1. Out of the residues in region 259-274 that are closer than 15 Å to V246 by Cβ and without any contact (Cβ under 8 Å) to a residue 40 or more places away in the chain, which is surrounded by the most Cβ atoms within 10 Å (Cβ to Cβ)?
2. Any chance you could count how many residues in region 285-300 are surrounded by 17 or more Cβ atoms within 10 Å (Cβ to Cβ) and either touching a Phe, Trp or Tyr at 6+ places or on another chain (Cβ under 6 Å) or among the basic types (K, R) (or both)?
3. Looking at I145, is it modelled with pLDDT of 95 or more, farther than 22 Å from T186 by Cβ and surrounded by 22 or more Cβ atoms within 10 Å (Cβ to Cβ)?
4. What's the number of the condition A45 fails, among (1) farther than 22 Å from V184 by Cβ; (2) open to solvent by 50 Å² or more (accessible area, probe 1.4 Å); (3) not polar (S, T, N, Q)?
5. Can you list the strands (runs of 3 or more DSSP E) lying wholly within region 264-320 that have 2 or more residues being under 28 Å from the mean Cα position of the chain (by Cα)?
6. Within region 168-177, can you find the residues that are surrounded by 15 or more Cβ atoms within 10 Å (Cβ to Cβ) and closer than 22 Å to I228 by Cβ?
7. Inspect region 180-187 for any residue being in a loop (DSSP other than H, G, I, E, B) and out of contact with any helix residue (DSSP H, G or I) (no Cβ under 9 Å at 6 or more places or on another chain) and give the result as yes or no.
8. Can you pull out the residues in region 212-228 that are open to solvent by 30 Å² or more (accessible area, probe 1.4 Å) and more than 19 Å from G123 (Cβ to Cβ)?
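The values are calculated or read from the model by the stated rules, or taken from the named source; none is laboratory data. Quantities reported herein were computed from a predicted structural model and do not represent experimental measurements. Neighbour counts are summed over all protein chains in view; Cβ atoms, including those assigned to glycine, are modelled from backbone coordinates with ideal geometry. Surface accessibility is based on the protein's heavy atoms, side chains included, excluding ligands, DNA and RNA. Shrake-Rupley method; radii C 1.70, N 1.55, O 1.52, S 1.80 Å.
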Amino acid sequence: MSTSKNNSLRIVFMGTPDFAVETLKSILEANFKVVGVITAPDRPAGRGRKVQESAVKQFAVKHHLKVLQPTNLKEEVFLEELKNLDANLQVVVAFRMLPKAVWQMPEYGTFNLHASLLPQYRGAAPINWAIINGETETGVTTFFIDEKIDTGSIVLQKTEKILPDDSAGTLHDRLMKLGAELVVETCKQIEAGTVTRHTQDESMELKPAPKIHKDTCRIDWNASMEDIYNHIRGLSPYPGAWTQLVNDGKIDQMKIFRTEMEKAAHNYNVGKLVVEKKSLKVAVKEGFISLLELQLPGKRRMQVNEVLNGLNLEEEVHLR
């Protein structure tokens with residue numbers, strides 16, 4: 001896999017999560033030479049605080065690639081190590097913001113893969129926000145990095161439909177593969193000297209994609225049925241939309257991952273939880289949101305029929 005026919009490009013790859021692994025894998029399969037991989041430092045995670053390596057590091061080590069894990073991208077020691085790799089192109093996928101000293105270093109520049117059709121959905125969570133906002137189309141973009149976040153000149157774009165039942169997880173997986181193909185295509189154009197750059201068009205109304213916080217994830221049952229549905233699937237499987245379950249004098253936080261919409265007239269208060277034929281549904285303004293997969297405190301993610309087997313619900317139970 002690491003045998004190189006395309007000797008003119010010497011690539012440093014920068015990335016951390018699984019989304020980036022697919023691109024690194026595709027770069028190697030296209031026989032480009034990867035001279036180094038930059039990824040996040042190992043960090044303790046989980047209840048046992050066991051030190052975990054990033055998905056990109058695990059892949060890079062398995063394929064005998066040189067790995068650097070700087071804590072500070074401006075440190076002279078790291079900049080010297082990076083320079084010594086003698087790369088002429090840097091490829092960035094799901095990493096952090098780079099200082100100018102890093103992104104301007106290679107001869108052919110540094111380009112980034114972003115999971116949206118820029119300039120729309122600049123920011124940390126483009127996949128989530130596209131679904132939350134009810135978009136029917138998104139895509140992937142490669143662009144050369146400049147001083148600001150996600151504003152550089154565009155190289156290539158590919159579109160992808162957002163299906164009515166897509167979650168952030170299913171869309172993530174399709175964009176991951178589409179993005180990997182786009183990065184390889186971009187590398188080929190740079191190597192051939194045929195790459196073109198297009199300035200981002202900022203004349204339209206731009207929708208941002210800021211980092212998702214816990215407050216962002218709370219469900220507003222007073223919103224429209226469609227907005228609630230999109231909010232839940234746009235945060236599934238991670239970080240997960242949540243609500244409060246008020247039952248028998250207790251308040252528990254509950255995460256909801258998969259739902260269906262049911263338009264119907266009813267006389268329930270918004271947020272009322274209705275048990276009906278081994279199903280759970282929440283009363284909203286235009287009908288009901290049927291709960292299909294959810295997670296209670298200290299429990300695993302479960303189908304609704306599993307949840308009902310061990311849950312006693314009082315008459316006044318509701319979500320808020």
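1. V274
2. Counting residues in region 285-300 that are surrounded by 17 or more Cβ atoms within 10 Å (Cβ to Cβ) and either touching a Phe, Trp or Tyr at 6+ places or on another chain (Cβ under 6 Å) or among the basic types (K, R) (or both) gives 1.
3. Numbers: modelled with pLDDT of 95 or more: yes; farther than 22 Å from T186 by Cβ: no; surrounded by 22 or more Cβ atoms within 10 Å (Cβ to Cβ): yes.
No.
4. (2)
5. Answer list for region 264-320: 287-295.
6. The answer is A168, T170, L171, H172.
7. no
8. The answer is R218, D220, N222, S224, E226, D227.
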